[in-house]
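Taking it in order: structure first as structure tokens, then the write-up.
Nothing in this text is a laboratory measurement; each read-out follows from the coordinates by a stated rule. Bear in mind that the values here come from a model prediction, so they are computed numbers and not experimental data. Backbone-built Cβ (ideal geometry, glycine too); neighbour counts: all protein chains shown.
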Amino acid sequence: MMTSRFAPPTEAQGLAARRVAADILDGVLNRHRTLDEQLEGTGSHPGIKMLPDRDRALMRRLVATVLRRLGTLNHLLARLLDRGVPADAPRARSALLIGAAQILWMDVPDHAAVDLSVRLVQADRRAAKYAGLVNAVLRRCARDGAALVAETEAEALDIPPWLLARWQAHYGEATALAMARAVGVEPALDVTVKDDAPYWASRLHGEVLPTGSVRAVLHGAVPMLPGYDDGQWWVQDAAAALPARLFGDVKGCRIADLCAAPGGKTAQLVHAGATVTAVERSPHRMTRLRDNLGRLKLEAETVVADAAEWEGAPGGFDGVLLDAPCTATGTIRRHPDVAWLKQEADIAALAGAQRKLLHRAAALLVPGGTLVYCTCSLEPEEGEAAIEGLLAEDSGLRRAPIEAAEVAGLAESVTEAGDLRTLPCHLPHADPRLGGLDGFYAARLVRA
């Protein structure tokens with residue numbers, strides 16, 4: 001067995017974090033498990049609890065970096081390996097991906113990245129025979145990797161070909177590339193604050209966005225940040241915070257929030273003065289929503305039910321917010337596993353479920369009531385086409401066009417039809433880490 005000649009780091013220097021990262025990558029790439037289910041809740045990796053906070057943050061960043069740049073990494077390893085990545089040892093592939101990601105995009109000394117990846121494969125029965133190969137490939141990556149990446153249009157490689165082709169067809173070549181480039185940047189932390197955004201921007205070492213959200217470049221455990229325990233703010237992408245504002249003044253209004261977990265939009269509506277009924281099908285996700293509301297000291301009625309079958313409350317609602325389950329392709333910048341877990345066939349299946357939810361949501365409205373439909377998908381079938389279909393089938397609804405002033409003057413995000421369509425490349429910033437938005441679609445309809 002060939003070993004690295006570098007001095008081996010201790011366990012405390014990050015080997016445990018890399019072991020957990022390799023396991024989670026294997027879960028995504030080979031067992032089709034989402035990052036969320038592996039990082040949180042009852043199905044989370046048991047090793048996470050054993051990691052110190054610093055190593056836990058390192059593990060998360062390792063996994064996210066590999067998934068965010070997976071297309072480029074696969075292309076690079078194909079150039080560096082004559083016979084391709086070993087197919088009989090998943091840990092060898094994970095070790096190569098983790099090592100190369102550290103060398104190219106993370107502030108980790110090359111020798112440590114090489115040595116720790118070698119130790120990862122040495123500890124795995126099936127992969128141990130590839131320790132010498134991993135050592136040689138990563139040394140070559142340290143020497144030639146940056147130049148090889150520079151020769152490629154790397155951003156385009158990091159979006160699955162089927163998805164990039166769709167973006168090019170719907171948004172044009174230039175915009176699709178700009179979206180891919182934005183997705184490749186690790187996003188900042190966005191939070192929605194109860195009040196005094198400038199104060200919390202200062203406390204969190206961030207800035208106030210035109211939309212009113214606070215954005216900060218921070219690494220570490222969110223619950224340790226000032227104001228979290230006191231319930232002064234909640235994590236929510238700036239784009240995700242826009243749909244709830246499309247109701248206007250909601251003081252005294254009865255609003256149903258369908259598919260409500262984890263509860264960011266429910267919190268916005270309650271804080272703005274609405275009486276909210278939050279409906280969520282998953283008991284586990286509803287527990288998370290209730291916990292979030294408890295921390296924020298906000299109250300809402302909560303109902304565990306399938307929103308597509310829910311009969312609602314007597315008298316109906318002044319407003320209904322439907323954030324429908326979708327492919328979530330607009331969230332790849334924050335959830336890079338989405339790019340590699342979703343397939344094009346998922347779009348049609350989800351579009352059918354969205355149509356059913358839309359009809360149920362519309363049926364809950366009182367006359368003159370407002371329906372806001374949104375998805376975190378960049379795919380038109382889950383946005384524009386869904387709304388056009390509903391309007392064609394329900395003559396009692398009309399579109400209430402959104403004005404740029406309602407979305408902080410983000411005129412580029414308002415479509416010709418008057419809907420909201422944010423893209424990852426919107427809200428640019430001189431510091432790429434402070435730019436960008438999740439891809440969101442929202443439409444506002446009114447019952448005659």
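Assorted remarks:
- Electrostatic dipole magnitude of the stretch 299-372 [Cβ: Lys, Arg +1; Asp, Glu -1; Cα centre; debye, to 20]: 340
- Cα-based helix-to-principal-axis angle, 110-122 vs the chain, degrees rounded to 10: 90
- For the stretch 339-345, backbone phi angles converted through the Karplus equation (6.51, -1.76, 1.60; θ = phi - 60°) give residue-by-residue couplings of 4, 9, 9, 8, 10, 4, 5 Hz, Gly and Pro being listed as x.
- Spin-label pair residue 81-residue 126: with each label point 7 Å from Cα along the Cα-Cβ axis, the two points sit 1.3 nm from one another.
- Relative contact order for the stretch 11-152, counting Cα pairs under 8 Å that sit 6 or more residues apart, in percent: 23
- Rounded if a/c under 1.5, otherwise prolate or oblate - the chain, Cα gyration tensor axes: prolate
- Between 341, 97, 116, the GNM of the chain built on Cα springs shorter than 10 angstrom shows 341 fluctuating the most.
- Lysines whose Cα lies under 25 Å from that of residue 356, excluding same-chain neighbours fewer than 8 positions away: 265, 342
- Calculated FRET efficiency for the pair residue 388/residue 353, C-beta based, R₀ 22 Å, to 0.05: 0.80
- Full extension of the chain segment joining residue 313 with residue 429 gains 37.3 nm, where the gain is 0.36 nm per residue of separation less the Cα-Cα distance.
- Two-site label geometry, residue 57 and residue 251: point separation in nm, points 7 Å out along Cα→Cβ: 4.1
- For the stretch 66-172, size of Cβ-based charge dipole, Lys and Arg +1, Asp and Glu -1, in debye: 440
- Three-way shape call for the stretch 227-447 based on the alpha-carbon gyration tensor, with the a/c threshold at 1.5: rounded
- Once the Cβ-Cβ distance of residue 169 and residue 34 is raised to the sixth power relative to R0 = 30 Å, the FRET efficiency obtained is 0.65.
- Chain lengthening between residue 344 and residue 107 when straightened (0.36 nm per residue, less Cα-Cα): 81.8 nm
- Modelled this way, with points 7 Å down the Cα-to-C-beta line, the labels at residue 404 and residue 305 are 4.2 nm from one another.
- Only DSSP H runs of four or more residues enter the estimate; each adds -39500 (n - 2.57), and after division by the residues of the chain the mean residue ellipticity at 222 nm equals -13000 deg cm²/dmol.
- With contacts taken as Cα pairs under 8 Å at a separation of at least 6 residues, the stretch 68-170 carries a relative contact order of 33 percent.
- Extension gain, residue 363 to residue 208, is 52.0 nm, computed as 0.36 nm per intervening residue step minus the present C-alpha separation.
- Taking Cα atoms only, the orientation of helix 15-31 departs from the longest principal axis of the chain by about 60 degrees.
- Inter-part distance, the stretch 332-399 to the stretch 219-254, computed on C-alpha centroids, equals 23 Å.
- Positive end of the dipole of the stretch 227-447 (Cβ unit charges, origin at the Cα centre): among 408, 443, 317, the Cα lying farthest that way belongs to 317.
- Given 15 as the ceiling on other Cβ atoms within 10 Å, longest exposed-site-free region of the chain for trypsin sites (Lys or Arg not before Pro) in DSSP loops: 298-448
- Across the chain, the mean sequence separation of Cα contacts (distance under 8 Å, 6 or more residues apart), normalised by length, yields a relative contact order of 13 percent.
- Computed about the Cα centre, the dipole magnitude for the chain is approximately 1500 debye when only Lys and Arg (+1) and Asp and Glu (-1) carry charge, each at its Cβ.
- Neighbour net charge for residue 189 - beta-carbon separation under 11 angstrom, K R +1, D E -1: 0
- Computed from Cα positions, the angle between helix 90-105 and the longest principal axis of the chain comes to roughly 80 degrees.
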